[in-house]
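The values are calculated or read from the model by the stated rules, or taken from the named source; none is laboratory data. These figures come from a predicted structure and were not determined experimentally. Cβ placement follows ideal geometry from the backbone for every residue including glycine, while neighbour counts extend to all protein chains displayed.
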Amino acid sequence: MALTERALPGRQESEAVRSQGSNMLDLGESEVALIAKALSHPVRLRLLHRLCDGNALRVKEMVSESRLAQSTISEHLRILRQAGLVAVKREGSRKWYYGRPSVLVAFAEHIDDLVVSSTPEGLSSRTV
């Protein structure tokens, strides 16, 4: 069954994770921990992967695709939204969920900085 997808132009970043006067996201330790926890479940990883492809989906479509209960999908989306990884756009009574790859990039940069600072002589995958 084909899924109905909808592109959402002009996505807005959350004030909680946007640094002032910059397009770069400034994640604090609490946000990084919340994102790490949100990424710790395989269903949430699959949902996030699907939602970060540039299109928005409704819960009904995610349920059809995953064959999980609507309540299960909704709970996983709640956790992903709380971590800032997923956002929602309302159109009338419909809710369209979409991923926020910029938050993943900021998270990955934070983890990369942690790896670099924890590695002897600052060696990491960045230095080849």
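Looking at region 32-55 only, could you name the residues that are part of a helix (DSSP H, G or I) and charged (D, E, K, R)?
If the condition is that a residue be part of a helix (DSSP H, G or I) and charged (D, E, K, R), then K37, R44, R46, R50 are the ones that fit.
Could you give me the residue pairs with C-beta distances under 8 Å whose first residue belongs to region 91-111 and is within 19 Å of H76 (Cβ to Cβ), whose second residue is basic (K, R) and assigned to a strand (DSSP E or B) wherever it lies, and which are 6+ apart or on separate chains?
K95/K89; W96/R6; W96/K89; W96/R90; Y98/K89
Go through region 75-104 and count every residue that is more than 15 Å from the chain's Cα centre (by Cα) and of a type outside the set (K, R).
Qualifying residue count, region 75-104: 3.
Could we say that Q82 is more than 29 Å from D113 (Cβ to Cβ) and either at pLDDT 95 or above or of a type in the set (S, T, Y) (or both) here?
no
Quick one: in region 31-60, of everything that is β-branched (V, I, T) and closer than 21 Å to E109 by Cα, which residue is surrounded by the fewest Cβ atoms within 10 Å (Cβ to Cβ)?
Applying the first criterion (β-branched (V, I, T)) to region 31-60 yields 32, 35, 43, 59.
Of the ones still in play, those that are also closer than 21 Å to E109 by Cα are 32, 35.
Numbers: V32: 16, I35: 24.
Only one residue fits best here, namely V32.
With the requirement that a residue be touching a Phe, Trp or Tyr at 6+ places or on another chain (Cβ under 7 Å) and within 27 Å of E29 (Cα to Cα), what does region 45-60 give you?
L51
State the number of residues belonging to region 56-66 that are over 15 Å from the mean Cα position of the chain (by Cα) and outside any helix (DSSP H, G or I). Before the answer, list the steps.
To start, the set of residues in region 56-66 that are over 15 Å from the mean Cα position of the chain (by Cα) comprises 58-66.
If we keep only those that are outside any helix (DSSP H, G or I) too, we end up with 58.
So the answer is 1.
Tell me the residue from L85, L77, L51 that is without any contact (Cβ under 8 Å) to a residue 40 or more places away in the chain and of a type in the set (A, V, I, L, M), please.
Just a single option satisfies the conditions, and that option is L77.
In region 61-104, what residues are in contact with a Phe, Trp or Tyr (Cβ under 8 Å, 6 or more places away or on another chain), surrounded by fewer than 17 Cβ atoms within 10 Å (Cβ to Cβ) and not charged (D, E, K, R)?
The one that is in contact with a Phe, Trp or Tyr (Cβ under 8 Å, 6 or more places away or on another chain), surrounded by fewer than 17 Cβ atoms within 10 Å (Cβ to Cβ) and not charged (D, E, K, R): V88.
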